[in-house]
Amino acid sequence: MLEEALEHLVKGIVEHSDDVQVHARRIRSGRVLEVRVHPDDLGKVIGRGGRTAKALRTVMNALGDGKYVRVDLLDLNEAR
Amino acid sequence: MTEAEKETAKTAPDLAALEQEGEVAADYIEGLLDIADIDGDIDMDVEGDRAVVSVVDVKGGDLVGANGEVLEAIQELTRLAVHRQTGQRSRLMLDIGGYRDRRRTELRDLGTKVAADVKRSGEPKALQPMTPFERKIVHDAVAAAGLRSESEGEEPRRFVVVLPA
């Protein structure tokens, strides 16, 4: 559910919504949601002073049933 | 167009545009509610020069959060979604589960009470940090009580100071 919610929130605010990909993985303390967007949209999902990134993290943690959710924002071509 | 008409065209809120903002916002929020399996009805309205979208009869989930921080985050994202669709910057107001109405009443009471305290003591009084929406309500309540107030500090820690007469 969290991946789907994040994908919906991000797709709604970027220009290249078809390029949005979300992958989830577990870490010891909770979950990591890795969002990849078109390079031109990276600034948009981070926002001025990280405002938009913070808003996304706040909403995802509210939906996460008290478990820690980390949200990583990456450019589509970034290697991990 | 006469000068007066031009003036009206410039200042009158564009109702159709605000309604469109509401539509885009409602779609965005409805999508989120569906995915998160939270029940709620979405009301759309226009108050003055801004679109208002309210999620009412909410069942499940906490989309307001401590001090409304989740609500503010969803509002922020919703404004961006509206901006993407319409190309216009949005000042849309989101409410969830009547939070803003409750907060409005609390803050109005707070502003009135602090104004009375400051009148009595003659000393300025600083309040807790608040969002712009919250500070506006306090400023209005203080003004209604016949005193002045100012905002100090930087966002997100900006706060109201009530000044003695």
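The values are calculated or read from the model by the stated rules, or taken from the named source; none is laboratory data. Here the structure is a predicted model, which means the values were calculated and not measured. Cβ placement follows ideal geometry from the backbone for every residue including glycine, while neighbour counts extend to all protein chains displayed. These area figures cover heavy atoms from the full protein model, side chains too; ligands, DNA and RNA do not enter into them. Shrake-Rupley method; radii C 1.70, N 1.55, O 1.52, S 1.80 Å.
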Which percent of the accessible heavy-atom area of chain B goes to carbon and sulfur, probe 1.4 angstrom? 48 percent
Heavy-atom accessible area, 1.4 Å probe, ligands and nucleic acids excluded: residues of the range A:10-56 down by at least 30 Å² from chain alone: A:Gly12, A:Ile13, A:Arg51, A:Thr52, A:Ala55
Any idea of the total accessible area buried by the A-B contact, 1.4 Å probe, rounded to 100 Å²? 1600 Å²
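For the range B:63-165, run through the trypsin sites (Lys or Arg not before Pro) and keep only the ones in DSSP coil with at most 11 other Cβ atoms within 10 Å of their Cβ. Walk me through the numbers before you get to the answer.
Details: sites: B:Arg79, B:Arg84, B:Arg89, B:Arg91, B:Arg100, B:Arg102, B:Arg103, B:Arg104, B:Arg108, B:Lys113, B:Lys119, B:Arg120, B:Lys125, B:Arg135, B:Lys136, B:Arg148, B:Arg157, B:Arg158; in loops: B:Arg89, B:Arg91, B:Arg157, B:Arg158.
Taking the range B:63-165 and a limit of 11 other Cβ atoms within 10 Å, the loop trypsin sites (Lys or Arg not before Pro) found are B:Arg89, B:Arg157.
Select from the range A:1-68 those trypsin sites (Lys or Arg not before Pro) which occupy a DSSP coil region and have at most 15 other Cβ atoms within 10 Å, ordered by residue number. Write down the numbers at each step before the final one.
Values: sites: A:Lys11, A:Arg25, A:Arg26, A:Arg28, A:Arg31, A:Arg36, A:Lys44, A:Arg48, A:Arg51, A:Lys54, A:Arg57, A:Lys67; in loops: A:Arg28, A:Lys67.
Of the trypsin sites (Lys or Arg not before Pro), the ones in loops of the range A:1-68 whose Cβ has at most 15 other Cβ atoms within 10 Å are A:Arg28, A:Lys67.
Which shape class applies to the range B:102-163: rounded if a/c is under 1.5, otherwise prolate when a/b exceeds b/c and oblate if not, where a ≥ b ≥ c are the square roots of the Cα gyration tensor eigenvalues?
Values: a/c = 2.03, a/b = 1.25, b/c = 1.62.
The shape class here is oblate.
Any chance you could run the full-extension gain for B:Gln128 through B:Glu47? It's 0.36 nm times the residue separation minus the Cα-Cα distance, nm to one decimal.
On the way: separation 81, 0.36 × 81 = 29.16 nm, distance 2.73 nm.
Full extension from B:Gln128 to B:Glu47 adds 26.4 nm.
Given a 1.4 Å probe, how much area per residue of the protein assembly as shown is accessible, in Å²? All intermediate terms of the calculation are to be shown ahead of the outcome.
Working: 13730 Å² over 245 residues.
Ligands and nucleic acids excluded, the result is 56 Å² per residue.
Quick check on my link table: of B:Lys113/B:Lys136; B:Lys59/B:Lys136; A:Lys54/B:Lys113; A:Lys67/B:Lys125; A:Lys54/B:Lys136; A:Lys11/B:Lys136, which ones sit more than 27 Å apart, alpha carbon to alpha carbon? Working shown, then result.
Details: B:Lys113/B:Lys136 16 Å; B:Lys59/B:Lys136 30 Å; A:Lys54/B:Lys113 34 Å; A:Lys67/B:Lys125 39 Å; A:Lys54/B:Lys136 24 Å; A:Lys11/B:Lys136 32 Å.
Too far apart for the 27 Å limit: B:Lys59/B:Lys136; A:Lys54/B:Lys113; A:Lys67/B:Lys125; A:Lys11/B:Lys136.
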Cross-link partners among aspartates and glutamates for A:Lys44, C-alpha distance below 17 Å, same-chain residues fewer than 8 apart left out? A:Glu7, A:Glu15, A:Asp18, A:Asp19, A:Glu34, A:Asp72, A:Asp75, A:Glu78, B:Glu76
Mind checking the angle between helix A:2-11 and chain A's longest principal axis? C-alpha axes, 0 to 90 degrees, to the nearest 10. 20 degrees
